[in-house]
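Trainee: One structure follows; several queries about it will come next.
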Amino acid sequence: VLKIASRCNLDCDYCYMYSLADTSWLVQPRFISPSIYLTLAARLGTYLRSHSVPRFRVILHGGEPLLAGPARILDIVSAFKAEAPPGTTLTFSMQTNATLLTEDMLTTLAPAGIRFGVSLDGNDAQNSHRPFKSGSSSTSQVLDALALLRSPRWTSSYGGLLAVVNLDSDPVETYRFLRSQSPPMLDLLPRLKTWDRPPAAGTSDWLENIFDAWYLDPGAPQIRLFRIIISRLLGRDVRAGFIGPPPRSRSLAVNADGSAELLDALRSTADGGSATGLSVRTSTLDQIALHPGYTPPAPSAVCQTCPVFDVCGGGYYPNRYMTTENGVGSFDNPSVYCRDLYHLINHIKTRLQEAGVTLPSLP
Ligand code: SF4
């Protein structure tokens with residue numbers, strides 16, 4: 001996950017970069033420099049060769065990565081391609097708010113093989129937490145970009161949509177709107193919350209309403225959260241970072257100044273919550289990988305006796321964070337979404353059983 005721009009042109013009130021616990025973006029350069037991405041590309045090439053890695057994905061991220069401009073973005077992609085060994089399939093994606101994803105931008109970037117994941121919470125009312133810095137709505141620019149991505153010329157560059165749960169909006173109407181954008185894949189993510197900043201009640205009801213509309217909907221897009229829960233209920237060891245046991249693949253986030261981050265969502269826990277103190281300027285990727293923070297914390301003892309633990313895994317680990325009485329942060333807790341996860345998993349289990357699906361008993 002490469003932060004090629006450290007600022008954004010939107011002002012989303014739930015953003016873990018700018019609006020929650022962390023302030024480290026303030027000391028980041030606005031854009032990644034050639035010396036950083038050339039160094040990282042060379043280090044990555046060495047890593048991929050020495051570990052014979054068959055597949056590696058570079059996610060261009062920010063802030064808003066398109067602020068870096070097309071010339072810089074193409075140069076970054078070229079640098080990584082030049083260093084990748086022949087045995088590694090290297091893919092590129094970008095997570096963008098898409099307000100700058102114009103026809104010119106797509107004409108320049110799509111041939112480089114970048115797939116675009118677009119952040120959008122719904123129609124203009126449902127997307128109200130994602131305004132421009134001026135306060136005006138960003139929705140129409142995003143919808144213009146999605147119209148381009150749906151066109152035959154660029155549909156292979158359309159990675160999907162990422163929507164953050166908005167409890168103020170009607171869930172089924174939100175689902176229908178997002179579905180109308182024909183995303184190849186839809187991510188529905190609860191807001192990044194911790195026990196220090198718990199969520200409002202209602203996330204499981206909201207998601208269950210969408211599940212009920214989605215699972216009877218022929219031709220519905222894949223919703224990763226639901227797919228993982230169903231797969232795990234069926235006894236399949238499918239993994240993702242945000243539910244179930246930790247993924248087997250490893251990930252690294254690198255900031256615009258070359259500093260190495262842990263899971264970047266840990267910025268939601270505390271100021272500097274994702275920092276390692278290491279940098280690609282001075283450390284190899286093998287040295288960085290030794291940082292103990294890359295091993296996710298074990299689920300709490302409470303979770304390990306929970307009837308849905310095999311599906312839930314204790315939830316996304318930033319959501320387990322709590323500042324203890326002596327001021328120290330701890331992940332040794334169930335998820336702050338525990339009740340929601342428990343209800344959602346049981347809701348999906350019930351729907352599958354009603355549909356006649358035989359489920360293996362969970363250990
Ligand atoms: S539902 Fe709650 S107690 Fe059960 S595994 Fe998930 S977070 Fe832990």
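The values are calculated or read from the model by the stated rules, or taken from the named source; none is laboratory data. Quick caveat, the model's predicted, so the values are computed rather than measured. A quick note on method: Cβ atoms are made from the backbone with ideal geometry, for glycine too, and the neighbour counts reach across all protein chains shown. Ligands, DNA and RNA are stripped out before the accessible areas are found, and what is left, the full protein with its side chains, is counted by its heavy atoms. Shrake-Rupley method; radii C 1.70, N 1.55, O 1.52, S 1.80 Å.
Trainee: Would you call VAL328 open to solvent by 20 Å² or more (accessible area, probe 1.4 Å), at pLDDT below 95 and of a type in the set (A, V, I, L, M)? Can you show your working first?
Mentor: Details: open to solvent by 20 Å² or more (accessible area, probe 1.4 Å): yes; at pLDDT below 95: yes; of a type in the set (A, V, I, L, M): yes.
Taking the combined requirement at face value, the residue satisfies it.
Trainee: Search the range 89-111 for residues being open to solvent by 60 Å² or more (accessible area, probe 1.4 Å) and touching a strand residue (DSSP E or B) at 6+ places or on another chain (Cβ under 6 Å), and hand back the single one that is farthest from ASN9 (Cα to Cα).
Mentor: Among those that are open to solvent by 60 Å² or more (accessible area, probe 1.4 Å) and touching a strand residue (DSSP E or B) at 6+ places or on another chain (Cβ under 6 Å), it is THR89.
One line per residue, one yes/no per condition, for (1) in a loop (DSSP other than H, G, I, E, B); (2) away from the ligand (no atom under 13 Å from the Cβ); (3) free of Cβ contacts under 8 Å to residues at least 40 places away in the same chain; (4) under 16 Å from ARG197 (Cβ atoms):
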residue	(1), (2), (3), (4)
ASN326	yes, yes, yes, no
ASN333	yes, no, no, yes
HIS347	no, no, no, no
GLY356	yes, yes, yes, no
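Trainee: Limited to the range 41-88, what total is found for residues that are in a helix (DSSP H, G or I) and open to solvent by less than 20 Å² (accessible area, probe 1.4 Å)? If you could, list the steps in order and put the result at the bottom.
Mentor: Of the residues in the range 41-88, the ones in a helix (DSSP H, G or I) are 41-50, 65-68, 70-83.
The next check asks that each one be open to solvent by less than 20 Å² (accessible area, probe 1.4 Å); those that pass are 41, 44-45, 48, 65-66, 68, 73, 76-77, 79-80.
Result for the range 41-88: 12.
Trainee: Which condition breaks for ASN319 when tested against (1) at pLDDT 95 or above; (2) under 20 Å from ILE4 (Cα atoms); (3) touching a strand residue (DSSP E or B) at 6+ places or on another chain (Cβ under 8 Å)?
Mentor: Among (1) at pLDDT 95 or above; (2) under 20 Å from ILE4 (Cα atoms); (3) touching a strand residue (DSSP E or B) at 6+ places or on another chain (Cβ under 8 Å), the lone unmet condition for ASN319 is (2).
Trainee: Tell me which residues, restricted to the range 1-23, are part of a loop (DSSP other than H, G, I, E, B), under 18 Å from ALA275 (Cβ atoms), of a type in the set (A, V, I, L, M) and open to solvent by less than 30 Å² (accessible area, probe 1.4 Å).
Mentor: MET17, ALA21 - these are the residues of the range 1-23 that are part of a loop (DSSP other than H, G, I, E, B), under 18 Å from ALA275 (Cβ atoms), of a type in the set (A, V, I, L, M) and open to solvent by less than 30 Å² (accessible area, probe 1.4 Å).
Trainee: Separate question: Would you check if there is a residue in the range 133-144 being over 30 Å from TYR47 (Cβ atoms), in contact with a strand residue (DSSP E or B) (Cβ under 8 Å, 6 or more places away or on another chain) and assigned to a helix (DSSP H, G or I)?
Mentor: Within the range 133-144, the first condition is being over 30 Å from TYR47 (Cβ atoms), and the residues that meet it are 133-144.
Restricting the remaining residues to those that are in contact with a strand residue (DSSP E or B) (Cβ under 8 Å, 6 or more places away or on another chain) gives 133, 138, 142.
Among the residues that remain, those that are also assigned to a helix (DSSP H, G or I) are: 142.
Looking for residues that are over 30 Å from TYR47 (Cβ atoms), in contact with a strand residue (DSSP E or B) (Cβ under 8 Å, 6 or more places away or on another chain) and assigned to a helix (DSSP H, G or I), one finds at least one in the range 133-144, hence yes.
Trainee: Would it be correct to say that LEU186 is open to solvent by less than 50 Å² (accessible area, probe 1.4 Å) and either in a helix (DSSP H, G or I) or under 30 Å from SER151 (Cβ atoms) (or both)? Don't jump to the end; show me each part of the working.
Mentor: On the way: open to solvent by less than 50 Å² (accessible area, probe 1.4 Å): yes; either in a helix (DSSP H, G or I) or under 30 Å from SER151 (Cβ atoms) (or both): yes.
When the stated conditions are applied, LEU186 passes them.
Trainee: Do we have PHE56 as modelled with pLDDT of 95 or more, in contact with a Leu (Cβ under 6 Å, 6 or more places away or on another chain) and not aliphatic (A, V, I, L, M) here? Don't jump to the end; show me each part of the working.
Mentor: Details: modelled with pLDDT of 95 or more: yes; in contact with a Leu (Cβ under 6 Å, 6 or more places away or on another chain): yes; not aliphatic (A, V, I, L, M): yes.
Against the criterion (modelled with pLDDT of 95 or more, in contact with a Leu (Cβ under 6 Å, 6 or more places away or on another chain) and not aliphatic (A, V, I, L, M)), PHE56 qualifies.
Trainee: Same structure again: Looking only at the range 161-171, decide whether some residue is under 20 Å from SER93 (Cβ atoms), open to solvent by 60 Å² or more (accessible area, probe 1.4 Å) and either at pLDDT 95 or above or not in a strand (DSSP E or B) (or both).
Mentor: Our first condition is that a residue be under 20 Å from SER93 (Cβ atoms); within the range 161-171, this holds for 161-164.
Filter once more, so that each one left must be open to solvent by 60 Å² or more (accessible area, probe 1.4 Å): none.
Scanning the range 161-171, I find no residue that is under 20 Å from SER93 (Cβ atoms), open to solvent by 60 Å² or more (accessible area, probe 1.4 Å) and either at pLDDT 95 or above or not in a strand (DSSP E or B) (or both), so the answer is no.
Trainee: Give all pairs with beta carbons closer than 9 Å in which a residue from the range 66-89 that is on the phi > 0 side of the Ramachandran plot meets a residue that is open to solvent by 50 Å² or more (accessible area, probe 1.4 Å); count only pairs at least 6 apart in sequence or on separate chains.
Mentor: GLY69/PHE31
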